[in-house]
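Here's the structure we're looking at; comments come further down.
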């Protein structure tokens, strides 16, 4: 049998210049890591690659690309926030005679633009298309675009190549159990990328992947892990014996199912990211997020989730046409009323491929700014009732309020006093306990900041009286500290950031239209 020629393949996640606080970079650093986790796309594509490829995975946010070595072919995953760097890398490699393939959402929806910088683009899901692309590469017959009219079969998935990742530099690994979304929110790409019909992996296949994962800390990257309650409950029962700690993304209706929440807690769930998006019913209607009804289900569902000792990571967006600057105060007040410490606040963006991007492009409302501004904390559109600079200033003010230590203490007093968070999480190595204990001692005891000391005193009292598990208490302190640090770093660049925003800031769109 003839031996196949060996090829060197680089799979790259480009550096993101502007990283917002919900990425928890500072928290990763406290744990001695570079990032919480890397994109699942890289080890997944590596798992689809034939054995005669020498594969190297590089996430530029945790390591530097080698300069001297030259691969035969490069695959680059693309996002709006990383596309400038992706083009820079692609142009460099192509100038050296290296073939370049783009994947990911940005290149999938901006194919014509991206083809100026790549030899080929794999549109949408990689399964089947990536293998075809490599076969054509070996024959010297690469097509410009690889796409399929059908979604990939998604019952079994080849194991991601975590052996190619420097896992000592990340805290947790990503696992995916399903693809697709039946909803069609105007600002979202999920249903456009993966279809509106849900597809599920066999649970045994998921369990084997978790068992082989290099970390006991997992994040399920499904866009809605619990949308199929029957599947979710079967999955929970299967992973209870695995002893993992994990977070996920769900819709708010998870808070209406006691059996499911009980199983999730027993299976090791400590955090749920929920896309509330808006407290303004008109904004939810405007963006087609009709399955969220703030007035009827938000608050009781939040209380229910908290009662099972599970944190909520609440995601909100400001900038819809029905929004005003008042939305920032509404979100802050709501988070205080519902005792949600972790709030991911974003400014509305219009990612290419989304319905809102089509609408804003036709209306001439895409701001003339760098694509890497699409990371959540820069205004990138012409907003109906707010100028870009007013929106940005109010955003920065609000996230500072959300993560002040006084706010963190008030929420902790209301959230933890009932004793719901007493379940112990995953085991932490001894060396890490020492490291984290020193950070807490230095930042919350050796400080002249009275609010830091009061927050620590309250958490310590709860630990001593066994009303909160020690790891949950310390995790809360570290999480609040890390977000506060990241926001303070943003504030250090406030003058520079405001200058960048002012270069393209205009009057609110409704005013601009009247005067133009």
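Here, each number is a calculation from the coordinates, and none is a lab measurement. None of the values given here were measured: they were computed from a predicted structure. Virtual Cβ from ideal backbone geometry, glycine too; neighbours counted across all protein chains shown.
Name the shape class, rounded, prolate or oblate, that the alpha-carbon gyration tensor gives for the stretch 135-285, where a ≥ b ≥ c are the square roots of its eigenvalues, rounded holds for a/c under 1.5, and otherwise prolate holds if a/b is larger than b/c and oblate otherwise. Please report the intermediate quantities before stating the final value.
Working: a/c = 1.87, a/b = 1.17, b/c = 1.60.
Oblate shape, in that a/c is at least 1.5 and b/c is the bigger or equal ratio.
Quick check on the stretch 348-440: take the gyration tensor over C-alpha atoms, sort the square-rooted eigenvalues as a ≥ b ≥ c, and tell me if it's rounded (a/c under 1.5), prolate or oblate.
prolate
Give the order of 148, 283 when sorted by the count of other beta carbons within 10 angstrom, beginning with the fewest.
Ranking 148, 283 by Cβ neighbours within 10 Å, fewest first, gives 148, 283.
Note down the relative contact order for the stretch 242-288 as a percent, whole number, built from C-alpha pairs under 8 angstrom at least six residues apart.
45
Percent relative contact order of the chain, based on C-alpha pairs within less than 8 angstrom and at least six residues apart?
After rounding, I find 13 percent.
Determine the shape class of the stretch 7-146: with a ≥ b ≥ c the square roots of the Cα gyration tensor eigenvalues, call it rounded for a/c under 1.5, and otherwise prolate if a/b is greater than b/c, oblate otherwise.
The shape class here is prolate.
Kindly rank 489-496, 223-230, 170-177 from highest to lowest mean number of other beta carbons found within 10 Å of each residue.
On the way: 489-496: 11.9, 223-230: 19.4, 170-177: 22.1.
In decreasing order of mean packing, 489-496, 223-230, 170-177 become 170-177, 223-230, 489-496.
Between residue 363 and residue 499, what is the spin-label point distance in nm, taking each point 7 Å from the Cα along the Cα→C-beta axis?
So the two model labels end up 3.2 nm from each other.
Would you work out the relative contact order for the stretch 410-512, in percent, from Cα pairs under 8 angstrom that are 6 or more residues apart?
32
Students often get this wrong, so try it: which of (i) 30.5, 96; (ii) 42.3, 122; (iii) 23.2, 75 is Rg and Dmax of the Cα atoms in Å as calculated from the structure shown?
This structure yields the entry labelled (iii).
Rounded to the nearest 0.05, what FRET efficiency do residue 259 and residue 96 give with R0 = 60 Å and r taken as the Cβ-Cβ distance? Could you check?
0.55
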